[in-house]
Amino acid sequence: MTASTDWATVRPPGTDPARGGRWWPWIGRLALPVVLALVLLALWLYVGSQELDSIEARSLTAETIGETAARHVALTAVSTVLVVALAVPLGILLTRPFTRRYRGLLLTVANIGQAVPTIGLLALLAVAFFFLGFWAAVVGLVAYAVLPVLRNTMVGLEGVDPAVLEAGKGMGLSGRQVLRRLELPLAVPVILAGIRTALVINVGTATLAAYINGGGLGTLIVAGFSTNRFLVSLTGAVLTAVLALLVDHLAGIAEDVLKPKGL
Amino acid sequence: MTETGPADRPMIRLEELTKTFPGQQRPAVDALTLDIPEGEIVILVGPSGCGKTTTMKMINRIIEPTSGRILLDGEDVTHADPDQLRRRIGYVIQQIGLFPHMTIAENIATVPKLLGWDAQRVAARVDELLTTVRMDPAEYRGRYPKELSGGQRQRVGVARALSADPDVMLMDEPFGAIDPITRDRLQNEFLRLQAQVRKTIVFVTHDIDEAIKMGDRIAILREGSEVVQYDTPETILTHPANDFVRDFIGSGASLKRLNLSRVRDIELSHWPTVPEGTSPEEALRVLRSAPGSAVLVLDAQGRPRRWVGATDLQRADGRRLDQIGMHPEAIVEPHATLSDALNELITARYSVATVVDGNGVYQGVVDIDRITEAIRTMRSDDQRTARRGLDEASDAAGSRWS
Ligand SMILES: Nc1ncnc2c1ncn2[C@@H]1O[C@H](COP(=O)(O)OP(=O)(O)OP(=O)(O)O)[C@@H](O)[C@H]1O
Ligand SMILES: [Mg+2]
C-alpha cells in the first residue's frame, strides 16, 4: 500500500497527560498518614486527660514508648530484610528447571513455617533451646513470613510471558541475562506484593516478641494486661495498629514507584 | 521431489536432522535433509503438528536436535555455543515477545548492546531500523510496547530481529496473529524490505496462500517434517508432486497464482492524468478526449494527489483541483501481487488500482482487463497440467486393475 498510509490507531504517548494528573496520586497518598496522625493525637489527648497512677506513668513515658516503638520497627525491619534475603533467592532457585524435583519438598517446609502458630514456635525456642530475646523473636518472625515472599517470587517468575523469554533466549541472551534483564524485572510487581504482605504480617506478629523478652510494642500490651492497666494495653495496641497501617501504606507507595515502567 | 536446492553452498544445510521428544515414540522431525540457499525466503508449510516449528527451532538450537547436523554458511554449528549462534540469527515468533518493560528503542538495541556496540552506533541503528519498518523514530523510540498497535508491534519485532544485521532470519508465523488487512500490508512491506536486505530466511506458516506469496521456495511438509515437495511456488502450483500437495494447495490453484504474478510483471494500463495546477476546465477537456470517467491529479513530484470525476469538475465552481474529488485510493506498488491489485480494484470507485513506485510516483493503473488477461495465460498452462494429471490417473487406474 502507500508509503504515506497511517498505521492503525495508537494510544497517545504517556508523556503529556494533564499536568495536574501527576500530583493527584500524591494527594491521595497523604490522606492516610494525616488520618493516622489524627488518631495518634486523639490517643495522646485521651491519655493526657486521665489521671495516671505510678505504674501507668512509668509505662507511658515518652522515652519508654519511643524505645518500644523503635524496637518494634527494628524487629519488623530486620526480620523482613532476612525474609527477602532468604525467600527471593530461594524462589529464583526453585523456578530453575534443574530444581523441579525439590520444589514440592521446600514448599512444604515453608508451609509448615506458616502453619505453626508463631507463639508456639517462640515458646518452643524459649523452652527447648533457652533461646530468648531479640534474635529469637527474629527467627520466629522469619519462619512465619518466608512463605508469602517465596510463593510470590515463584508465582511472579513463572507468570512471565514465555514468549518474552523465548524471544530473549532466541536473541542470544544467556540464562543469567534472561533472569536479570527479563524475568526479575517483570516479576517485580508480584514479588513486591509478597514483601508487602510479609511486612504487614511482621508488624503484627512482632507484638508476640514481648513474651520471650524480644521487646517491641507488645511489651506495653502484655504489661498492661498483667498489671490490669487498660490504658497501657490500649496505647500499645493503637500504636501497633497505626504502625501496621503506615507500613502497609508506605509499602504500597514503594510498589507503585518501583514497578517497572511499561507494565 | 528435489530435497536439495540448486545453490552450490547453501546458507543453511540440515543433514538427517532428527528430534524425538522425551517420552514420545515417533520423532517430531525425522531425518530431515534440506538446503536453504543464500538470500532466499524458504517457506516451511504443512498441516498442524507436522514439525515445522520444531524444525525451525533446531536451527537456532532453542530445541536441541536428537541427531543430525546443522551447517550454517558451511560451518557445523550443531555443537557451537548456542548464545553466540543465536546472536547471528534473527528470530521472530508469532507472539512477537517484545519486552514489555523496555522501550521500543531498548527492545531493538538488545543484541547490538550485547555485541558491545557503542551508544552512538546503537542509537543510530535503532533509528535506521525504525525508519526501515516505517515507524517515525522520534515518535516511537521512547514508547513502551503496550502503547503500540498489533501491527506496529509486529514491525518492531522484525526490526529487533534485524538489529545486528544477521545473515539469517527465522520467522515462525510472524504475521499469524494479525487481522487480514494489516497482515497483507505487512507481508508486502516485508517483501520490499527483503528486496533490499536479501537475508536468508526460514519462514514457517501453515497458510499455503502466505507460502505462495512470500516464498522463493516452498517446502511442503507432512508428519515428521517429511519433505513432500521442495520447489518454487510456480512449480508447486503447476506441477504438484502428488495428491497430498494437490489437496494442500486446495481449490482455485489458478486464482492462487494471482499471488505469484506481480504488478511489475504485467503491462500497465494508462489513465488520464493532469498536473496539480490545471484548471477544472482544462481537466474537463482532457477527460473528454480520453476514456475513463475521472482524471488523476498528480502533484509536482508526479505522485497521485486526487481523483476528480466528470461531475466533480462540472460542479467545481472555481475551486482548485485539489479541493474537489476524492483522495487517491487503491494504491499498489510494483511488487504487489495481482491478487492484491484485484482486491484493491474491486472496491475502488473507478475500478482501477493505481500503481506507484517506491517513492510514490505514479506509474499506471491495473484494471480488470489486465487481470483477466493474466488469468487467461495461466489457464492455458493449467489445461496442459490437467491433461497430464488425467493421463497419470488412467495409468494408476490401469495398474490397480492389472
Ligand atoms: N516441547 C515439546 N515437547 C513434546 N512434544 C512436542 C514439543 N513441541 C512439539 N512437540 C510435538 O512435536 C510435534 C511437532 O510439533 P511442532 O510444534 O513442530 O508442529 P508445527 O508443524 O509447528 O505445528 P503448528 O502448525 O500447529 O504450529 C507435535 O506432535 C507436537 O505435539
Ligand atoms: Mg508451529
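General observations
- A:Gly204 vs. criteria more than 19 Å from the chain's Cα centre (by Cα) and away from chain B (no Cβ under 14 Å): no
- Residue match in segment B:138-148 (condition: closer than 25 Å to A:Lys261 by Cβ, in contact with a Ser or Thr (Cβ under 7 Å, 6 or more places away or on another chain) and without any contact (Cβ under 8 Å) to a residue 40 or more places away in the chain): yes
- In the set (1) within 14 Å of another protein chain (Cβ to nearest Cβ); (2) β-branched (Val, Ile, Thr); (3) within 16 Å of ligand 2 (Cβ to nearest atom), B:Val29 fails one condition alone, (1).
- Only one of the numbered conditions (1) away from ligand 2 (no atom under 14 Å from the Cβ); (2) at pLDDT below 95; (3) not hydroxyl-bearing (Ser, Thr, Tyr) is not met by B:Gly46, and that is (1).
- Residue among B:Ile59, B:Ile108, B:Ile96 that is within 16 Å of ligand 1 (Cβ to nearest atom), of a type in the set (Val, Ile, Thr) and at pLDDT 95 or above: B:Ile59
- Filtered by the rule that a residue be among the hydrophobic types (A, V, I, L, M, F, W, C) and under 30 Å from B:Gly215 (Cβ atoms), segment B:242-290 gives B:Phe244, B:Val245, B:Phe248, B:Ile249, B:Ala253, B:Leu255, B:Leu258, B:Leu260, B:Val263, B:Ile266, B:Leu268.
- Segment B:232-280 holds helices (runs of 4 or more DSSP H) entirely within its bounds, and those carrying 2 or more residues that are of a type in the set (A, V, I, L, M) and under 18 Å from B:Arg222 (Cα atoms) map to B:233-238, B:243-249.
- If you go through segment B:200-231 and keep only what is part of a strand (DSSP E or B) and among the β-branched types (Val, Ile, Thr), you end up with B:Thr200, B:Ile201, B:Val202, B:Val204, B:Thr205, B:Ile218, B:Ile220, B:Val227, B:Val228.
- Among the residues of segment B:199-223, those that are open to solvent by less than 10 Å² (accessible area, probe 1.4 Å) and touching a Lys or Arg at 6+ places or on another chain (Cβ under 7 Å) comprise B:Val204, B:Ile212, B:Leu221.
- Here A:Ala206 clears all of (1) closer than 30 Å to B:Phe99 by Cβ; (2) touching a residue at least 12 places away in the same chain (Cβ under 8 Å) except the condition numbered (1).
- B:Pro65 within 14 Å of ligand 1 (Cβ to nearest atom) and assigned by TED's automatic domain parsing to the domain that holds B:Pro174: yes
- Complete set of residues in segment B:328-382 that are within 14 Å of another protein chain (Cβ to nearest Cβ) and on the phi > 0 side of the Ramachandran plot: B:Ala330, B:Gly360
- Top-ranked residue in segment A:122-146 [being aromatic (Phe, Trp, Tyr) and in a helix (DSSP H, G or I); ranked as surrounded by the fewest Cβ atoms within 10 Å (Cβ to Cβ)]: A:Phe129
- Being over 23 Å from A:Gly156 (Cβ atoms) and exposed (fewer than 15 other Cβ atoms within 10 Å of the Cβ) is not true of A:Ala74.
- Within segment B:17-56, the residues that satisfy the criterion of being more than 12 Å from ligand 1 (Cβ to nearest atom) and not β-branched (Val, Ile, Thr) are B:Leu17, B:Ala31, B:Leu34, B:Asp35, B:Pro37, B:Glu38, B:Gly39, B:Glu40.
- Enumeration of residues in segment A:85-103 that are open to solvent by 40 Å² or more (accessible area, probe 1.4 Å) and touching a helix residue (DSSP H, G or I) at 6+ places or on another chain (Cβ under 8 Å): A:Leu86, A:Leu90, A:Leu93, A:Tyr102, A:Arg103
Results for (1) under 20 Å from B:Arg88 (Cα atoms); (2) modelled with pLDDT under 95; (3) over 21 Å from the mean Cα position of the chain (by Cα), shown as yes or no for each residue.
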position	(1), (2), (3)
B:Glu3	no, yes, yes
B:Pro6	no, yes, yes
B:Ile12	yes, no, no
B:Phe21	no, no, yes
B:Ala28	no, no, yes
B:Thr33	no, no, yes
B:Ile36	yes, no, no
B:Val42	yes, no, no
B:Thr66	no, no, yes
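- Count of segment B:154-186 residues which are more than 16 Å from ligand 1 (Cβ to nearest atom) and modelled with pLDDT of 90 or more: 16
Every residue, every condition in (1) outside the structural domain of B:Tyr350 (by TED's automatic domain parsing); (2) open to solvent by 50 Å² or more (accessible area, probe 1.4 Å), yes or no:
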position	(1), (2)
B:Glu226	yes, yes
B:Pro233	yes, no
B:Arg246	yes, yes
B:Pro280	no, no
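- Here the condition is being out of contact with any Ser or Thr (no Cβ under 6 Å at 6 or more places or on another chain) and buried (at least 22 other Cβ atoms within 10 Å of the Cβ); of A:Val188, A:Val149, it holds for A:Val149 alone.
- The set of residues in segment B:288-308 being away from chain A (no Cβ under 14 Å), free of Cβ contacts under 8 Å to residues at least 40 places away in the same chain and open to solvent by less than 40 Å² (accessible area, probe 1.4 Å) consists of B:Ala290, B:Val295, B:Val297, B:Val308.
- All positions within segment B:48-95 that are acidic (Asp, Glu) and either surrounded by fewer than 15 Cβ atoms within 10 Å (Cβ to Cβ) or in a helix (DSSP H, G or I) (or both): B:Glu64, B:Glu75, B:Asp76, B:Asp81, B:Asp83
- Within segment A:152-174, restricting attention to residues that are more than 20 Å from B:Ile59 (Cβ to Cβ) and within 11 Å of another protein chain (Cβ to nearest Cβ), the residue that is most open to solvent (accessible area, probe 1.4 Å) is A:Asp161.
The values are calculated or read from the model by the stated rules, or taken from the named source; none is laboratory data. A quick note: this is a predicted structure, and the numbers were derived from the prediction, not measured. Note that each Cβ is placed from the backbone with ideal geometry, even for glycine, and that neighbours are counted across all protein chains shown. For accessibility, only protein heavy atoms count, side chains too; no ligands or nucleic acids. Shrake-Rupley method; radii C 1.70, N 1.55, O 1.52, S 1.80 Å.
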